[in-house]
Amino acid sequence: MNLEIVTIGDELLLGFTIDTNAAQLARELAALGVRIVRRTTCGDDAESIRQAVSDALGRTGAVITTGGLGPTADDMTKPAIAAIFGKGMRLDTGILTALRERWRKRFGHDLPVSNEQQAMVPEGCTILPNRHGSAPGIWLEDAQGRWVIMLPGVPREMRGMLADTVVPTLRDRLPVGGPVIRSRTLRTANIAESALADRLGELARGVNGLSLAYLPGADGVDLRLTSWDRDARATTVALDEAAALVRSKVSRYVYGENDDDLAAIMLAECAARNATVAVAESCTGGMLGMRLTAVPGSSRTVLGGTIAYANAVKTRELGVSAALIDEQGAVSEPVARAMATGVRLRFGSTIGLGITGIAGPDGGTPEKPVGTVWVAVDLDGDVHAVRAVLPGDRHEIRWRAAQLALDRLRKAFLREQQSEGWTARG
């Protein structure tokens, strides 16, 4: 089944709201075997909606829309799409009664007149119940088999209706044992996209008939494998085999799969070792500590940290020598090492992590350009430091620096497991 998605709303076109609905729909429907061939966004005016949906129906005959089902004057989705099918609008008394009861129970007063338009539906449509909000969904289909599903634009409501109604209904329409579209993502850190391609060699263009996409971001480069035309069982086998092949080439850089978070993975490793962590941060300003403490259960492992932004704080709170800072500069290997060791000793932790750098947009020099960071890991007295020049704006540099610190901790654990010694730059 081929399908198009049309998301509706001026706020999407203006950039005030990020379109998460289309991404959610694409992921959920692909797992059923539905191929999303195009995604379109249009404004709230009736003509834009009519044109976008009519064009999509002409290409695939199957469309899902989100947005424009509310009670205000800019909610034009239902009448605009009804006109495509040559249908008028009618009042659904069942919806109106449910809306009035909901309003009295929730707000203690009568339904506003403007909300009554939510009970207006296209003639001949199927009502899709919404247990998550006030606007019901609509299924409209003609004799030629063309159909449109209209869902609310509120992401929480859309997700709920997708799971409750849309997915089960579409599953019933698809052939049993038909092809599914599924992906698996291997998450890497501390390696460039081009370097990954070089290491993968012939696999770089695809693995055993599965497509391979490179998705660089602030966390690193994700490698996404996708199977397009196998049944569910064959897809699982194909993805398992392809992921194993990719790992065999770049396992040193792979820290997880799909939505795995490196902070959560590292805390799980620490907990398995009964290890504790403390952090000393300069340019990241607490971002590493935030990422660690965002993980449920982190209090068992994370003892605390110090935001040593000023040099005087590095000296007073972490014991970094003022003479060392004067001689080497705050952004240097010796200072990063001293920060990691200082915070480990101060908090009595097993592990100390230190970050110092230049996040910009100012402060760089030819020797230390904006993006220069030093990260150090002190693992029970064994200290390792690494320098990197990270790309991006101020926020991206800070985020990448925190990710780099987590990845260096991962590498430290790998070295420990392999009984290898530490290297000065490894």
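For L111, neighbours were defined as the other residues whose beta-carbon sits under 13 Å from its Cβ, and their charges (Lys and Arg +1, Asp and Glu -1) total +2.
Given R0 = 51 Å, the distance between the Cβ atoms of R316 and L91 translates into a calculated FRET efficiency of 0.10.
I want to verify a result. In a Gaussian network model of the chain, Cα cutoff 10 Å, which of these has the top mean-square fluctuation: A280, A83, A243? Residue with maximal mean-square fluctuation among A280, A83, A243: A83.
Could you state the angle between the C-alpha long axis of helix 394-417 and the longest principal axis of the C-alpha atoms of the chain, as a value from 0 to 90 degrees rounded to the nearest 10? Orientation of helix 394-417: about 60 degrees from the principal axis. Amide hydrogen proximity for T65: with H placed 1.01 Å from N in the peptide plane, the residues at 5 or more positions away or on another chain lying under 5 Å are V6, I149, M150, L151. What are the lysines whose alpha-carbon lies under 22 Å from the alpha-carbon of K249, with same-chain residues fewer than 8 places away excluded? Counting by Cα, and skipping residues close in sequence, K249 has these lysines nearby: K411. Note that the stretch 296-426 carries a Kirkwood radius of 15.1 Å, evaluated over its alpha carbons pair by pair.
A Förster radius of 35 Å combined with the Cβ-Cβ distance from V167 to R104 puts the calculated FRET efficiency at roughly 0.65.
Averaged over its residues, the stretch 197-277 has an accessible area of 50 Å² per residue, based on protein heavy atoms and a 1.4 Å probe.
Note on R59 and A244: their simple-model spin labels are 3.9 nm apart, each label 7 Å out from Cα toward Cβ. Evaluated at q = 0.28 Å⁻¹, the base-10 log of the normalised Debye intensity for the stretch 173-242, with identical point scatterers placed on the Cα atoms, takes the values -1.22. Residues in the stretch 1-115 average 49 Å² of solvent-accessible surface per residue, probe 1.4 Å, ligands and nucleic acids excluded. Translational diffusion of the stretch 103-158, estimated by Stokes-Einstein from the Kirkwood radius over alpha carbon pairs at 37 °C in a medium of 0.692 mPa s, is 254 µm² per second.
Partners of K314 within straight-line reach, counting lysines whose Cα lies under 23 Å from its Cα and excluding those fewer than 8 residues away in the same chain: K368. Between G285, G68, G363, the residue with the greatest mean-square fluctuation in the GNM of the chain (Cα pairs under 10 Å linked by springs) is G363. Between N208 and E47, the simple spin-label model (points 7 angstrom out along Cα→Cβ) gives 5.4 nm. Between T306 and V279, A280, E281, the built amide H atoms are under 5 Å apart, and every one of these is 5 or more places off in sequence or on another chain. Report the antiparallel proportion of the DSSP beta bridges in the chain as a percent, rounded to a multiple of 5. Roughly 60 percent of the beta bridges in the chain run antiparallel, per DSSP. Mind pulling the angle between the C-alpha long axis of helix 262-272 and the longest principal axis of the chain? Nearest 10 degrees, somewhere in 0 to 90. Value to nearest ten degrees: 60. Taking the chain as a Gaussian network of alpha-carbon nodes connected by springs under 10 Å, the highest mean-square fluctuation of the residues P175, P334, P136 belongs to P175.
How big, in percent, is the set of alpha carbon pairs in the stretch 290-363 lying more than 15 Å apart? The partial results should precede the final answer.
On the way: 1502 of 2701 pairs.
Pairs farther apart than 15 Å: 56 percent.
Distance from the Cα centroid of the stretch 243-283 to that of the stretch 190-212 is 21 Å (rounded to whole angstrom).
Counting protein heavy atoms only, the chain has 50 percent of its accessible area on carbon and sulfur, 1.4 angstrom probe. Taking Cα atoms only, the orientation of helix 333-347 departs from the longest principal axis of the chain by about 80 degrees.
Bridging of K78 to lysines at a Cα separation below 24 Å is possible for K87, once same-chain residues fewer than 8 apart are set aside. Per-residue ellipticity at 222 nm computed for the chain from its helices equals -12000 deg cm²/dmol, with DSSP H segments shorter than 4 residues left out and the rest contributing -39,500 (n - 2.57).
The values are calculated or read from the model by the stated rules, or taken from the named source; none is laboratory data. Values in this document were obtained by computation on a predicted structure and should not be read as measured data. Heads up, the Cβs are rebuilt from the backbone with ideal geometry, glycines too, and the neighbour counts pull from every protein chain shown. Heavy atoms of the whole protein, side chains included, go into the accessibility calculation; ligands, DNA and RNA do not. Shrake-Rupley method; radii C 1.70, N 1.55, O 1.52, S 1.80 Å.
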